[in-house]
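To keep things clear, I will list the structure first and then write my remarks on it.
No lab work stands behind these numbers, since they all come straight from the coordinates. Everything numeric in this text was worked out from a predicted model, so none of it was measured. Positions of Cβ are generated from backbone atoms using ideal geometry, with glycine treated the same way; all protein chains shown enter the neighbour counts.
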Amino acid sequence: MDSKKKVLTRRDFLVSAGGAAAGVALASTGLGILTPKAGAAGVELPEYPWVEYFTEPLDVEAVRQLGVQYYNEGNGCSEGAFRALITELGEPFNQVPSQVLHFGKGGGVGWATLCGAVNGAAAAVSLVFGRTQATTQIVNELMGWYSQTPLPLSADVRSVAGNPLCHASVSNWVKASGKKASDRGPRCGAITGDTAAQAALYMNQFLAGTFVPAFEMSEETKACMECHVGGFVDDTLGKMDCKGCHEGH
Ligand code: HEC
Ligand code: HEC
């Protein structure tokens, strides 16, 4: 059994991932249809973590365009953002089936919780950096950026979500644009691209050693948190602006 789990070296992997060569490699194990097919293309995957395979900066604009394209092809915001990033990341990342993020559309199959674009982009960050501070720091920055930035970046009508929720994001855009939530397609497609691109930018900065977290909670929210999040009341979690949903007291 152990031989089936043989971990490819980076060089083996890059060679076999070529396609035809991968088929030959699998066939030559003599295991036929019982051969585990770990990757989407049947390529045996290297042992995780994979952070060492993230060696080249991502093309941020290519990620943005792919995000829009995959959204328009019906992948949804979450799978679209994830797929844009893993496509540009290349192997082995692109061997993970992007449909693992399908559920994220509409903030979780239409529940409008975490924006799917954030969810999908964050999943790609997590796939690259695994259980490290980099994942936490980059995703934290992405959540903050999404909450505070007028989006979509290049649209005439931009709106600020105030938090990373699909619900707030869509409704604030409806208010700003005068359109209906069901007209959101082009807008959410653009945000899928923008959010994936922003994650790519942070990942590139991390790679180059220039990543500096800039997100700051409002002073107001910090004050609420002092008592409620880890403070003496200690009855909730969160970094979202409390005032979006609660009166002060
Ligand atoms: C000085 C500490 C402190 C600060 C600062 C603070 N709270 Fe509270 N908050 C409390 C306490 C104590 C309670 C009552 C808890 C209980 O009944 O168990 C409470 C209750 C609440 C409740 C429950 C409903 C209610 O009104 O009683 C909400 C919601 C709440 N706070 C939100 C906020 C928000 C939003 C902020 C910032 C704008 C904030 N709090 C700042 C201490 C604080
Ligand atoms: C996106 C909206 C949203 C945001 C942002 C938010 N909350 Fe809440 N909060 C809720 C909802 C919904 C409930 C549940 C209310 C209920 O069931 O009556 C709740 C419940 C609470 C309660 C218990 C309320 C009670 O009546 O005892 C506290 C305390 C609280 N939130 C504090 C905070 C603090 C502090 C922040 C900021 C760090 C915050 N919330 C951010 C939506 C939000």
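How far apart, in nm, are the 7 Å Cα→Cβ label points at Thr55 and Asp183?
Simple spin-label model gives 5.0 nm for this pair.
Per residue of region 103-109, what does 6.51 cos²θ - 1.76 cosθ + 1.60 with θ = phi - 60° give for ³J(HN,Hα)? Whole Hz please, x for Gly and Pro, Karplus curve as stated.
4, x, 4, x, x, x, 5
Starting at the first residue of region 142-148, write each ³J(HN,Hα) from the Karplus equation 6.51 cos²θ - 1.76 cosθ + 1.60 with θ = phi - 60°, in whole Hz, x for Gly and Pro.
5, 4, x, 4, 4, 5, 9
Please report Arg184, Arg131, Arg83 as a ranked list, fewest other C-beta atoms within 10 angstrom at the top and most at the bottom.
The most exposed by this proxy come first: Arg131, Arg184, Arg83.
Treating only the Cβ atoms of Lys and Arg (+1) and Asp and Glu (-1) as charged, compute the dipole magnitude of region 60-208 about its Cα centre; round to the nearest 20 debye.
Values: 10 positive and 9 negative charges, 94 e Å.
Roughly 460 debye, rounded to the nearest 20.
Out of residues 5 or more away from Leu114 or on other chains, whose amide H comes under 5 Å of its own, with H placed 1.01 Å from N in the peptide plane?
Residues meeting the amide H criterion: Cys166.
Of Lys105/Lys243; Lys179/Lys222; Lys180/Lys222; Lys105/Lys179, which sit over 24 Å apart, Cα to Cα?
Beyond 24 Å between Cα atoms: Lys105/Lys243; Lys179/Lys222; Lys180/Lys222.
Give me a comma-separated list of calculated 3J(HN,Hα) values for region 165-175, in order, Karplus coefficients 6.51, -1.76, 1.60 applied at θ = phi - 60°, integers in Hz, x for any Gly or Pro.
8, 3, 4, 5, 4, 5, 5, 5, 6, 4, 5
Around Ser159, which amide H atoms from residues at least 5 apart in sequence, or from another chain, sit under 5 Å from its own amide H, with H modelled in the peptide plane?
HN-HN under 5 Å from Ser159: Leu151.
Applying 1/(1 + (r/R0)^6) with R0 = 25 Å to the Cβ-Cβ distance of Val233 and Thr136, what FRET efficiency is obtained, to the nearest 0.05?
0.55
Name the long-range amide H neighbours of Val229: under 5 Å, sequence gap of 5 or more, or other chain; modelled H, no Pro or chain starts.
Those lying under 5 Å, H to H, from Val229 are Asp234.
Rounded to the nearest 0.05, what FRET efficiency is calculated for Glu47 and Val160 with R0 set to 35 Å and r the Cβ-Cβ distance?
With a Förster radius of 35 Å, E is 0.25.
Can you tally the net charge around Ala200? Count Lys and Arg as +1, Asp and Glu as -1, for every other residue whose Cβ sits under 15 Å from the Cβ of Ala200.
That sum, taken over residues with Cβ under 15 Å, equals -4.
In nm, to one decimal, how far is the Thr113 label point from the Ala62 one, both placed 7 Å along Cα→Cβ?
A separation of 3.4 nm, rounded to one decimal place.
Tell me, in nm to one decimal, what length is gained between Ser171 and His102 on full extension, where the rule is 0.36 nm per residue of separation less the Cα-Cα distance?
Here the segment from Ser171 to His102 would lengthen by 22.6 nm.
Measure of size requested: the Rg and Dmax of region 101-249, with Cα atoms as the atom set and Å as the unit; please supply both.
Over region 101-249's Cα set, Rg and Dmax evaluate to 15.8, 45 Å.
When Lys and Arg each count +1 and Asp and Glu each count -1, what net charge do the other residues less than 14 Å away from Val229, Cβ to Cβ, add up to?
-3
If we restrict to alpha carbons, what Rg and Dmax does region 108-180 come to, in Å?
13.3, 42
Sorting Glu91, Glu52, Glu73 on the 10 Å Cβ count, fewest up front, what's the list?
Working: Glu91 20, Glu52 8, Glu73 12.
Fewest-to-most Cβ neighbours within 10 Å comes out as Glu52, Glu73, Glu91.
If Lys and Arg each add +1 and Asp and Glu each add -1, what is the summed charge of the other residues whose beta carbon sits under 14 Å from the beta carbon of Cys77?
Residues near Cys77 contribute +2 overall.
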